[in-house]
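Visitor: My questions all concern the structure below.
The values are calculated or read from the model by the stated rules, or taken from the named source; none is laboratory data. Here the structure is a predicted model, which is why all the values come from computation and not from measurement. A quick note on method: Cβ atoms are made from the backbone with ideal geometry, for glycine too, and the neighbour counts reach across all protein chains shown. Note: accessible area is taken over every heavy atom of the protein model, side chains too, but ligands, DNA and RNA are not part of it. Shrake-Rupley method; radii C 1.70, N 1.55, O 1.52, S 1.80 Å.
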Amino acid sequence: MRLKDKVVVITGGSRGIGKAAVEKFCSEGARVIIWDVLDKEGESFANQLNSKGFICRFFHVDVTNFVEVENSAKKIIEEFGQIDVLINNAGITRDATLLKMTDEQWQSVLNVNLTGVFNCTKAVAPYMIEKGKGKIINTSSVVALYGNFGQSNYVATKSGIIGLTKVWARELGRKGINVNAVAPGFIETEMVQSVPEKVLQMMRERTPLGRLGNPMDIANAYLFLASNEADFINGAVISVDGGITI
Ligand code: NDP
């Protein structure tokens, strides 16, 4: 029970990596709030966890909308009195090579992956500052470290997240808040379903551990960074990629 009674917000918790993290954090004693736009899946997952005796809430929150984010943070404080951990996990891809990428593809990925992270952190940080304690975990990607064909928009955001993590580690560290990032390798979720099998097979071959990751591999890294065991880790980017970047 490494997170007993902690209040944890996980964005994009309705499916994929976020969903695995919600389950993991509940099993470690946390009260978990999902912020996602995937309503049906999020609500039924939260109900499922509540029926097992865990405490989980689903709130429809579009992370690109600051007012929605801020109002939901207020509601959480009213119900639970605190937010101990924020996991900025929601993210999207809209891939195209540079010359084919539309303005809509560019903007939508920047809005969710970068502005969304800014909005959630800005809305939640004041409550952590008030308590003099908190953990913020951002989700970068292996592609921020080596680039990726057809992903100008996505790579820009995932590289930007590394920068933001370091800025906030400095700004908020002095207020007792740790800010770190996880850089996942290729993880078997709906997000990689659009990646051709040929490419995935190449990724498996290039990974020293010889496999793609699974959502729980990343949830475990989130958990470690959210726990007291990571109290002196700040501004770090932890690769969880089977060694593909070495
Ligand atoms: P998924 O697409 O499986 O899940 C992401 C969730 O975020 C979905 O429920 C999605 O809803 C939701 N979401 C999208 N837009 C918003 C929004 N505006 N507000 C709130 N929620 C939103 O992604 P993964 O689990 O695969 O990825 C999770 C994170 O890990 C992302 O940041 C991703 O970039 C990162 N990552 C993933 C890798 C992978 O291989 N899977 C590799 C490296 C990094 P909807 O389905 O409606 O869009």
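Visitor: With axes computed from alpha carbons, what is the tilt in degrees of helix 39-51 against the longest principal axis of the chain, rounded to the nearest 10 within 0 to 90?
Guide: Helix 39-51 sits roughly 50 degrees off the main axis of the chain.
Visitor: Right, here's the next one. Students often check this: by mean Cβ neighbours within 10 Å, which of 80-86, 111-117, 197-203, 211-217 ranks highest, and how do the rest follow?
Guide: The packing order, highest mean first, is 111-117, 80-86, 211-217, 197-203.
Visitor: For segment 7-239, state the average projected area of the convex hull of the C-alpha atoms over all orientations, rounded to one decimal in nm².
Guide: For the Cα atoms of segment 7-239, the hull's average projected area reads 12.5 nm².
Visitor: Just to confirm a number: summing +1 for Lys and Arg and -1 for Asp and Glu over residues other than GLN151 whose beta-carbon lies under 13 angstrom from that of GLN151, what do you get?
Guide: So the surrounding residues net to +2.
Visitor: In percent, what relative contact order does segment 7-239 have, based on Cα pairs under 8 Å that are 6 or more apart in sequence?
Guide: Taking the mean separation of contacting Cα pairs over the length of segment 7-239, I get 21 percent.
Visitor: Rounding to the nearest 10 and keeping the result within 0 to 90°, find how far the Cα-based axis of helix 66-80 lies from the longest principal axis of the chain.
Guide: It is inclined by approximately 40 degrees.
Visitor: Quick one: in segment 1-109, what % of C-alpha pairs are over 18 Å apart?
Guide: 50 percent
Visitor: Ordering MET191, MET101 by accessible area with a probe of 1.4 Å, largest first, what comes out?
Guide: The most accessible residue leads, giving MET191, MET101.
Visitor: Heavy atoms only, probe 1.4 Å: what % of the accessible area of the chain goes to carbon and sulfur, would you let me know?
Guide: Carbon and sulfur: 53 percent of the exposed surface of the chain.
Visitor: Measuring from centroid to centroid over Cα atoms, what is the spacing of segment 138-211 and segment 73-130 in Å?
Guide: 15 Å
Visitor: Any idea what the dipole of the chain comes to, in debye rounded to 20, about its Cα centre with Lys/Arg Cβ at +1 and Asp/Glu Cβ at -1?
Guide: 540 debye
Visitor: Also: When all protein chains stay in place, what accessible area (Å², nearest 10, 1.4 Å probe) is found for GLU229?
Guide: Spelled out: GLU229, probe radius 1.4 Å, area about 110 Å².
Visitor: Show me the ranking of peptides 2-8, 170-176, 129-135 by mean Cβ neighbours inside 10 Å, starting with the highest.
Guide: Highest to lowest by the protection proxy: 2-8, 129-135, 170-176.
Visitor: Another question, if that's okay. What whole-number value in Å² describes the accessible area per residue of the chain for a 1.4 Å probe?
Guide: About 47 Å² of surface per residue is accessible.
Visitor: When only DSSP loop residues count, what chymotrypsin sites (Phe, Trp or Tyr not before Pro) in segment 145-246 have their Cβ near at most 12 other Cβ atoms within 10 Å?
Guide: PHE149, PHE232
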